[in-house]
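Only the coordinates and a few stated rules stand behind these numbers; no lab work does. Worth saying up front: this structure is predicted, and the values here are computed from it rather than measured. Cβ coordinates were reconstructed from backbone atoms using ideal geometry, including for glycine residues, and neighbour counts include every protein chain displayed.
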Amino acid sequence: MNYLDAHTDLYGIIGHPVGHSLSPAIHNMAFRATGKNAVYLAFDVTDLPGAVGGIRALGIKGVSVTIPHKEAIVDLLDEIDPVARRIGAVNTIINRAGHLIGTNTDWMGAVHALKEVTELKGKRVLVLGAGGASRAVCMGLMDMGVAGLHIANRTTERAKVLAEACNASWSGLDGISGVKASILINTTSVGMTPNVNEIPISPELLPYFQVVMDIVYSPTDTRLLREASVAGCRTVKGIKMLLYQGVAQFELWTGENAPIPVMEQALRESIGM
Ligand code: ATR
């Protein structure tokens, strides 16, 4: 921990629950590595308007927002940037002298993680899931100029609503065998601990994809990623998305480059890798 004194800047995460959040480990390590007099804490929040008042009153410099508050907080801040407005969710608050700005770095996390292994412009992408995370991922993909996007979801009505917002085609999870795409992204919670033997797509379909990304990061090697590896696909782990959304937050809050290797190390240590 950095030395704490009367000049220490306070940052944090608000969510419910937040006990398992990896963000405090990542951000405190980043502050320490860059010599910032700053600390990042986890706040379990059920009174959201009260918490926003607290951020203002206490001068908390920057806040991460997680489930279940990402959507509801949109109406409580002074300004929502266009990206967060389009996604309909805020995962990052920047406090500029009492003026609270909401933005979203989840899409950057996904795009940056994918771009480590593939170009996105001109590619066709199949996204499984149509929840909040999917919305951020899909908006990011559209901004990167993908040539085609298909959204498949268990609840087809949700797939349709999201597809209409981002000019994509849509279907149920059972309607994907004829979809032409080279990149597959799972945004559903299928395969997450404790249901580690579940997989959101039939493994026989995996050889058709060049790149497979899973946003599930517990376990780090989901069954989907293991099967995709066996099928010869390049894989992108969910912890990379988590890492890069945090990297983007650090850079927005401090205006400096984030110490990425240190943050990645903190993440790996917190999940016991
Ligand atoms: P998040 O913000 O993490 O995306 P969410 O909005 O609750 O969370 O969305 C969860 C996603 O996982 C949804 O696409 C959900 O499908 P439904 O819209 O049909 O609920 C999907 N999902 C969760 N459990 C699933 C399961 N057992 N099989 C298939 N899809 C599942």
- On alpha-carbon atoms, Rg over Rh for segment 1-103 using Kirkwood Rh? 0.96
- Highest to lowest packing among 31-39, 197-205, scored as the average C-beta count within 10 Å: 31-39, 197-205
- Task: Note the angle between two axes, namely the Cα long axis of helix 260-270 and the longest principal axis of the Cα atoms of the chain, as a number of degrees from 0 to 90, rounded to the nearest 10.
- Result: 80 degrees
- Message: For a test of the definition: using alpha carbon positions, the gyration tensor, and the 1.5 limit on a/c, classify segment 72-161 as rounded, prolate or oblate.
- Response: oblate
- Query: If only Cα atoms are counted, what is the Rg of the chain, and what is its Dmax, in Å?
  - Reply: 18.7, 61
- Kindly work out what percent of the DSSP beta bridges joining two residues of the chain are antiparallel, to the nearest 5. 20 percent
- Note on the structure: The helix 132-143 Cα axis meets the longest alpha-carbon principal axis of the chain at an angle in degrees, between 0 and 90 and rounded to 10, of 80 degrees
- Message: Just to confirm the number: angle between the C-alpha axis of helix 238-254 and the first principal axis of the chain, 0 to 90 degrees, nearest 10?
- Response: 30 degrees
- Task: For segment 1-23 and segment 145-165, compute the distance between their C-alpha centroids and round to whole Å.
- Result: 36 Å
